Amino acid sequence: MTTSTPLRRTGRKAAALTASLLLGTAAGLVAAPAASADDGGGTLRMPITGIGIDSLNPFLAYFAGSLDVFSGIYPALDRVEQDGTVKPYLADSWTTSSDKLTWTFKIHKGLKWSDGKPITAEDAAWTFNLIMKNSTAATANGSLVGNFASVSAPDATTLVVKTKKPQATMLSVSIPVSGIPIVPKHIWESHVKDLKNYKNDSFPIVGYGPWTLTDYKPEQYVKFDANKDFLLGAPKYAHMIQQAFKNTDAAVAALRSGQLDYVSGLNPTQYQALRSQSGVKAFEQVGNRWNGIEVNGGARTRDGKKIGTGHPALGDVKVREALALAIDRATIVKRVRDGLAQVGASYLPPSLPQYAWQPSGSEKFGYDPAKADSVLDAAGYKKGSDGIRVDPKSKRKLEFRLGIHSDDDADAKVSTYLAGWFKEIGVKVDIQSMSSSKLNADLAKGDWDILMDSWSTGPDPTYLLGIQTCAALPDSKGEGGSTDSFFCDKDYDDLFLRQQSAFDDKQRADLLRRMQAILYKANENIMIYNANGLAAYRTDRVNGIVAGKADSTGAFPAQNSFDQYLDATPAKASSSSSGSGSGTVIGVSVTVVVVLAAGGVFLARRRSSSDDRE
Amino acid sequence: MTHHEPLTKADPPVAAPPVAPVTSKPRHNGFTGFIRSFLRIRSGVAGLGILVVFALLALCAPLFISHNDLDVIKVDGPSLHSPTDGYPLGTDQEGRSILLLVIWGARSSLSIGLMATVLTVVLGSAVGLIAGHYGGWIGKALMHLTDWFIALPGLPLAISLSAVIGQGTASITIAIAITSWSSTARLVRAQTLAVEAKPFIERARALGAGGPQVMLRHVLPNVTPLILVSSTLTVASAILSEATLTFLGLGDPTGISWGAMLNSALSGGAVTSGAWWYLYPPGIAILIVVLGFTLTGRAVETILNPRSVKTR
């Protein structure tokens, strides 16, 4: 899939935006606007998450930065702790009917929106109903209510949800960050007609949560005030500011110079550099994402019509198996992620150990180029004079396009390794760097051979597994698909339906593992690694950030931003900011050199034209 | 370098002596004269020296750099290590030698720079010649188009172009050419107008020469020196644009060029970790080569530019 769900997919910078990288770097180094606003309660300062905020309208937005903001300013029915336990939020308690089709939530009494109006079950019912009935409102989270039959609020504190089939994942539908944010009906009613264009930009935004959004300037900053009466305990900071950075290096420089308190999304080099810096604590979080390649095993519509220009040889499971055998995942973990990742196999990431699956020794497609060679030899793919194998059926060489995200540094790195290893087994790839939108458009049309991709997931993996079902294939016109690799398997689909209604968690985990085993054998989604989350904070500014050590299974604790910002506590201020290191100096000089160079181009041009004027 | 001798060439021999003195000025002594005057300009010689060194390095690179030295799956150097034994300029994250990368990067940077220049000069000269020769509404239309391109800011235009055409070497080359042909066009048109006003053109026409013949046989040889000068300077800015665009992530991210090295250094966190050996070599290489072209170009301009001769 393609467009939506970037909530689970990391933000990729739009290519054109890269242009502002220069400015971003310079701005980050020169000034951190508004960072010093401090009226006693302290201000927590961090960069905007991921690639930023696509919209403040929670019915439309799906960038990680937006979800991060919504989790702080709009409530959810319940929340999921890191160990998977469900805790109350707006709903104090909930019950299920004996046929598991009706859920009744008791909404907490006496809570008020930030404008003083009471929060009732009607607000929640109205929000869900709007997403169910209005296709625009369903843009961001429509799939989460797909199984809902009706939602009603018989009184102010009772919310009744009826589902078409039993839904085991009900308590993941409305949770902070990855679920549906509940909005105040009295504010949003008047905006339904123009929902598509409504920016939700009258400040302060009426909502409820640990924070109230007081100001937002696109591409610049978001400002929040703490909600002192927050149900789950008030934030320990009076204010929070998220600043826009186009470049993590700039954010790191700002952290070093004391202009930021907390930075997440570091790359391994930055992480290692910050680890040795005093006054800064750099820490790992368990990986909630897979990175790998998708292989076009035969793009088709729901009714089986072939579409696109995929290479026919990739329809042969033996070829895909050989590709999986040719990848030295451990080397990629070591070289690209500096060891800060796990070798990938399971479709579900290590952040969901209760569901993740590992192949047994005999099932495993480890790094074994000799075996890959023999698999291809046995299947009749003979090497030509140029060392490239030829498909005996279509007579085409095994030359595949390998699409990568132009804005992703790791994609470019990993793809050069893949190209090298594939060449060893007589498979040539042509690396094609594309913008995310182009890549996704080609994917949807089936115009691809191999793509690099990456997905993350919240506490419930339904969505991530759903993009591999037959139902996600495009319709007969080739439209409307949300498939990620055109994978379609009947057994997998059966298991998918069964797990949705499996209320016993053990039973569900078993079904999920069997689904992953099917995916693994098909090799249409070849997992390469699960990167650990890397973040850092200033120990002289902030306490309470969860940054523990790995547990016995090697998993690091992780917290979503909702909890992380709620738990952060101002440290006793020793306000001296430690000097900017040599990194900043180099950063400044590189920026200066590049700016000079760019200026030089223009000067040179102007000069040549002015000299030459007659 | 003989064809900038319009008068003697086009005139019947009898008419020559009073108009064109073939005696004193160095630029009239053909190729050796050109060399002699060039050698007298020290900065030009230095510039040319730089270019020769880099060109030799780039051309000979395959002789001493094997594919295995640059292939990420074959190299085994330390990751992002400062200069050390066997790696005089340190290594990148994949463990490749920065020195070898810089040398190999010269190939792509120089070839894109030269390709873009050829495109720029061909496009610009064609538009300039046609606009200058035909005048009228064709000339006006072409010049308005040129003005439009001159007025457009080059960098944003190049960025949007390569975003539209798609990433890669070819699109960068095209983007550079499209954004920089306009000044060459104006230059060539002005010179075309000046040349066409001269009596030998009128004579050629009287003898029955048509438009194409006048343009190609008489005007073009006379504007060639100017084109040559303009192109040496264009190379410098093309190389810089190439580095800028690849640095901004619009080139081939898996290719090896100076801009791409800076790009991957920056996105890989080399600034944060203080890996100066990853950042400075490609940057300084760009600086030196651009300087080389600019020095050479200015020197050639001083010798060939008809205007600078007149004012002497």
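The values are calculated or read from the model by the stated rules, or taken from the named source; none is laboratory data. Predicted, not measured: the structure shown is a model, and the values here were computed from it. Cβ placement follows ideal geometry from the backbone for every residue including glycine, while neighbour counts extend to all protein chains displayed. In case anyone asks, the SASA skips ligands and DNA or RNA and just uses the protein heavy atoms, side chains included. Shrake-Rupley method; radii C 1.70, N 1.55, O 1.52, S 1.80 Å.
Structure notes:
- Of all the numbered requirements in (1) farther than 18 Å from A:Asn288 by Cβ; (2) loosely packed, with under 15 Cβ neighbours inside 10 Å; (3) of a type outside the set (D, E, K, R); (4) under 27 Å from the mean Cα position of the chain (by Cα), A:Leu323 misses one, and that requirement is (2).
- Of all the listed residues (A:Val280, A:Val263), the sole one being touching a helix residue (DSSP H, G or I) at 6+ places or on another chain (Cβ under 8 Å) and over 19 Å from A:Ile53 (Cβ atoms) is A:Val280.
- Residue match in segment B:116-124 (condition: of a type outside the set (Gly, Ala, Ser) and outside any helix (DSSP H, G or I)): no
One line per residue, one yes/no per condition, for (1) within 13 Å of chain A (Cβ to nearest Cβ); (2) in a helix (DSSP H, G or I):
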residue	(1), (2)
B:Val219	no, yes
B:Glu242	yes, yes
B:Pro253	yes, no
B:Ile256	yes, no
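- Residue match in segment A:279-298 (condition: under 19 Å from A:Ala410 (Cβ atoms) and assigned to a helix (DSSP H, G or I)): no
- Subset of segment B:224-256 (residues that are under 17 Å from B:Ile178 (Cβ atoms), touching a residue at least 60 places away in the same chain (Cβ under 8 Å) and of a type in the set (A, V, I, L, M, F, W, C)): B:Val235, B:Ala238, B:Ile239, B:Leu245, B:Leu248, B:Leu250
- Reported count of residues in segment A:285-313, each being surrounded by fewer than 23 Cβ atoms within 10 Å (Cβ to Cβ), of a type in the set (A, V, I, L, M) and in contact with a Leu (Cβ under 9 Å, 6 or more places away or on another chain), is 0.
- Boolean, B:Pro281 is over 28 Å from B:Leu123 (Cα atoms), open to solvent by less than 40 Å² (accessible area, probe 1.4 Å), in a helix (DSSP H, G or I) and more than 10 Å from chain A (Cβ to nearest Cβ): yes
- Any hit, segment A:436-457, residues being open to solvent by 30 Å² or more (accessible area, probe 1.4 Å), part of a loop (DSSP other than H, G, I, E, B) and under 24 Å from A:Phe63 (Cβ atoms): no
- Checking A:Arg401 against (1) farther than 18 Å from B:Gly166 by Cα; (2) open to solvent by 30 Å² or more (accessible area, probe 1.4 Å), the condition it does not meet: (1)
- Flag for B:Ser109 being open to solvent by less than 20 Å² (accessible area, probe 1.4 Å), in contact (Cβ under 8 Å) with a residue 24 or more places away in the chain, polar (S, T, N, Q) and more than 30 Å from B:Leu216 (Cβ to Cβ): yes
- If the condition is being within 25 Å of B:Ser257 (Cα to Cα) and surrounded by 19 or more Cβ atoms within 10 Å (Cβ to Cβ), then segment B:169-185 contributes B:Ser171, B:Ile172, B:Thr173, B:Ala175, B:Ile176, B:Ala177, B:Ile178, B:Thr179, B:Ser180, B:Trp181.
- When residues in segment A:298-346 are screened for being in contact with an Asp or Glu (Cβ under 7 Å, 6 or more places away or on another chain) and among the β-branched types (Val, Ile, Thr), 2 of them pass.
- Strands (runs of 3 or more DSSP E) within segment A:94-194 that include 2 or more residues open to solvent by 30 Å² or more (accessible area, probe 1.4 Å): A:102-107, A:148-155
- Filtering segment A:196-210 to residues that are under 22 Å from A:Ala140 (Cα atoms) and under 26 Å from the mean Cα position of the chain (by Cα) leaves A:Lys196, A:Asn197, A:Tyr198, A:Lys199, A:Asn200, A:Asp201, A:Ile205, A:Gly207, A:Tyr208, A:Gly209.
- Residue in segment B:86-103 that is under 22 Å from B:Gly168 (Cβ atoms), within 14 Å of another protein chain (Cβ to nearest Cβ) and in a helix (DSSP H, G or I) present: yes
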